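Heads up: the structure comes next, in structure tokens.
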Amino acid sequence: MENKKIVVDVDHVKIRFNLSSQKIDNLKEYFAKLVKGELMFQEFIALQDVTFRVHKGEAWGLIGANGAGKSTLLKVISGILKPYSGRIAVHGSISPLIELGAGFDPECTARENIFLNGCVLGYSIKFMKEHFDEIVEFAEIEQFLDSPLKNFSSGMRARLGFAIATMVKPDILIVDEILAVGDYKFHQKCEKRMQELLANGTTLLYVSHNINEVRRLCDHAVWLDKGAMRMVGDVQEVCDAYMEEMKK
Amino acid sequence: MIKIKAYIHEFWRYRDLRRLLVEKNVKLKYRRSFLGYLWSILNPLLIMLVMTVVFSKMFSRNIDNYPVYLFCGQLLFNFMRNSTDRAISSISISGAMLKKCYLPKYIFTLATIDGSLIDLIFSMGALLVVMIATGARFTLWLLLIPVTLAQLYVFCLGLGLFLAQANVFFRDMHFIYNAVTTAWLYLTPIFYPIESLSEKISWLIRHFNPMYFYIEQFRSMVYKGTAPSLVLIAAGTGAAVLMLLVGILSFYKTKDRFILYI
């Protein structure tokens, strides 16, 4: 364990949102509030004192109720959000998708979107051309390549997004409860792909409400509860404790 | 220093994204339209035609070949207005994407300015048509057009970055800017000669209106067929660099907070 490289180092991360200022987005309101002295600070702590270390090749499940801060944590790790205090260090390439297919443009065709999404992930057009067939094949969308993405079902979109995000071997793969929309067959396919990536040394950060899935795929887990870390450690222990709590 | 290197590396890494975003904007703009790209040429031509009909009587005494005179100013000013106007919302409308993947945010602003530049280059075709139709003189000074366009591009990029970041926090930017550009349009000698203004206003425009720097340079080459004045090139470059600095610094300072507002 000790000799393995640390790929994600989350160190006492705290995320704070200012609820009141989030609502002011025009000058009139701003001045009105300023005059009335209502520009007070109503803070919301989305994450508090979260600390854990992920080593290379590990699979971590993030569990917790809705609004516990799972997605916020993933956003911090992928660099979208900067922590208010604390430190975060990531070593290695990261497939920075919080939601599969986030970079899709509904007006563009699937073909255009494959390139667009690939470039959003930081790959070059040349690279995408080389892997184009592979993606299309995995996503099983050959016959719809030239229709605009807005006509796709959510399952098809998820398939395409997953195919692009896992096409190369990222050092860190982030999966945020997207597989819920795929059908059973595709689900199996995705799990297989993730297992393959894991076997090849990719680090997985996995968010899901399906505890059985987390148990099957992951070896470690973090349980978040209202922004605080409730428990961290071996996946079976954390899941057991979590399920115990849920039954109450 | 290491930070700057990292930024350059990032810029390079996402160059293809920039290209695709530009392509996407250009493509989507004319998708399903019958005449397609031709509109980039037709649109300025039609507007120029109307303005020529309306204004040529008014100014024909002191401006010969009014269509070309007008077109020079109109082309550059429209580029400035369209590119920055689109840049304003470039960050806020990309919210969905920025919330979900890590990307250098300025790419979106950069891509809108690039897209407008492509429009401008298409519109140059219209200028060519007008020049031929009116029997304008073609000189080798035309080869220096890119010098002016480069200054204008940098200027618009700076302005666009500044406006885009401001719009994330205050969505009124669009409306304020609309009023500003309208005033700006009338304070730039586009359809009238600068001589017809009062001494004082003319002085102010000649010294503080960057669009005047660019349009005058452009007119020297296209309309008068002479060398652009070095003073104007220096002034234009200065204004562009200053604007770019303002844009980059304001953008850099606020970029980490975008996510909380988009």
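Please report, in debye to the nearest 20, how large the charge dipole of the stretch A:6-247 is about its Cα centre when each Lys and Arg carries +1 at its beta carbon and each Asp and Glu carries -1 there. Mind showing how you got there, number by number?
On the way: 28 positive and 33 negative charges, 131 e Å.
With only Lys, Arg, Asp and Glu charged at Cβ, the dipole is about 620 debye.
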With a cut-off of 8 Å between alpha carbons and a minimum separation of six or more residues, what is the relative contact order of chain B in percent?
26
Roughly what % of DSSP beta bridges within the protein assembly as shown run antiparallel, to the nearest 5?
55
List the residues whose amide H sits under 5 Å from the amide H of residue A:81, counting only those 5 or more places along or on another chain, with H placed 1.01 Å from N in the peptide plane.
A:76
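Give me B:12, A:223 sorted ascending by neighbouring Cβ count inside 10 Å, so fewest comes first.
Values: B:12 9, A:223 23.
Listing B:12, A:223 from fewest to most nearby Cβ atoms yields B:12, A:223.
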Comparing A:136, A:207, A:168 in a Gaussian network model of chain A (Cα, 10 Å), the one with the largest mean-square fluctuation is A:168
Looking at chain B as a GNM with Cα springs under 10 Å, which of B:172, B:85, B:119 has the largest mean-square fluctuation?
B:172
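Apply the membrane-span-like helix rule to chain B: whole DSSP H runs, Cα extent along the own long axis of at least 15 Å, mean Kyte-Doolittle hydropathy at least 1.0. List the helices found. Let's see the in-between values first.
Values: long enough: B:2-13 (16 Å, -0.26); B:15-30 (24 Å, -0.84); B:38-59 (30 Å, 1.80); B:66-88 (33 Å, 0.24); B:106-133 (41 Å, 1.88); B:145-169 (37 Å, 1.65); B:173-186 (20 Å, 0.66); B:230-254 (36 Å, 1.91).
Helices meeting the criterion: B:38-59, B:106-133, B:145-169, B:230-254.
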Considering the dipole of the protein assembly as shown built from charges on the beta carbon (Lys and Arg +1, Asp and Glu -1) around the Cα centre, which of A:12, B:252, A:104 is farthest to its positive end?
B:252
Going by Cα centres, the stretch B:173-201 and the stretch B:77-111 are how many Å apart?
26
Rule-of-thumb Rg ratio for the stretch B:96-150 [Cα; 2.2 N^0.38 Å; N residues]:
1.75
On the Cα set of the stretch B:2-261, report Rg and Dmax in Å, please.
19.2, 60
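Out of the DSSP beta bridges found with both residues in chain A, what percent are antiparallel (nearest 5)? Before the final figure, lay out the partial values.
Working: 21 of 37 bridges.
Given both bridge residues lie in chain A, the antiparallel proportion sits at roughly 55 percent.
Among B:7, A:206, which comes first, second and so on when ranked by fewest other beta-carbon atoms within 10 Å? Walk me through the numbers on the way to the answer.
Working: B:7 13, A:206 22.
With the sparsest Cβ surroundings first, the list reads B:7, A:206.
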Can you work out D for the protein assembly as shown in µm² s⁻¹ from Stokes-Einstein, where Rh is the Kirkwood radius over C-alpha pairs, the temperature is 25 °C and the viscosity is 0.890 mPa s?
95
If the elastic network links every pair of Cα atoms under 10 Å, which of A:195, A:48, A:143 fluctuates the most in the Gaussian network model of chain A?
A:143
Using the structure shown, select from A:169/B:105; A:169/B:5; B:27/B:99; A:150/B:253; A:82/A:169 the pairs with a Cα to Cα distance greater than 28 angstrom.
A:150/B:253
How fast does the stretch B:55-187 diffuse by Stokes-Einstein, in µm²/s, taking the Kirkwood radius from C-alpha pairs at 37 °C and 0.692 mPa s?
197
Counting each pair of different Cα atoms once, what's the Kirkwood radius of the stretch A:134-200 in Å, rounded to one decimal?
12.4
B:124, B:58, B:211 arranged by Cβ crowding within 10 Å, fewest neighbours leading:
B:58, B:124, B:211
Under the Karplus curve 6.51 cos²θ - 1.76 cosθ + 1.60, θ = phi - 60°, whole-Hz ³J(HN,Hα) for the stretch A:121-134, x wherever Gly or Pro sits
7, x, 8, 8, 4, 4, 4, 5, 4, 5, 9, 4, 4, 4
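Let's see if you can work this out: charge +1 on each Lys and Arg Cβ, -1 on each Asp and Glu Cβ, no other charges. What is the dipole magnitude of the protein assembly as shown about its Cα centre, in debye to the nearest 20?
1120
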P(r) for chain A: what percent of alpha-carbon pairs falls in each 5 Å bin, starting at zero?
1, 6, 12, 15, 16, 14, 12, 9, 7, 4, 2, 1, 0
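In units of 2.2 N^0.38 Å, what is the alpha-carbon radius of gyration of the stretch B:1-102? Don't skip to the end; give the middle numbers.
Numbers: Rg = 20.1 Å, N = 102, 2.2 N^0.38 = 12.8 Å.
Against the empirical 2.2 N^0.38 Å value, I get 1.57 for the stretch B:1-102.
Laboratory data are not the source of any read-out in this text; all were calculated from the coordinates shown. Being a predicted model, the structure only gives us computed values, none of them experimental. In this analysis, Cβ positions are derived from the backbone assuming ideal geometry, glycine residues included, and neighbour counts consider all displayed protein chains.
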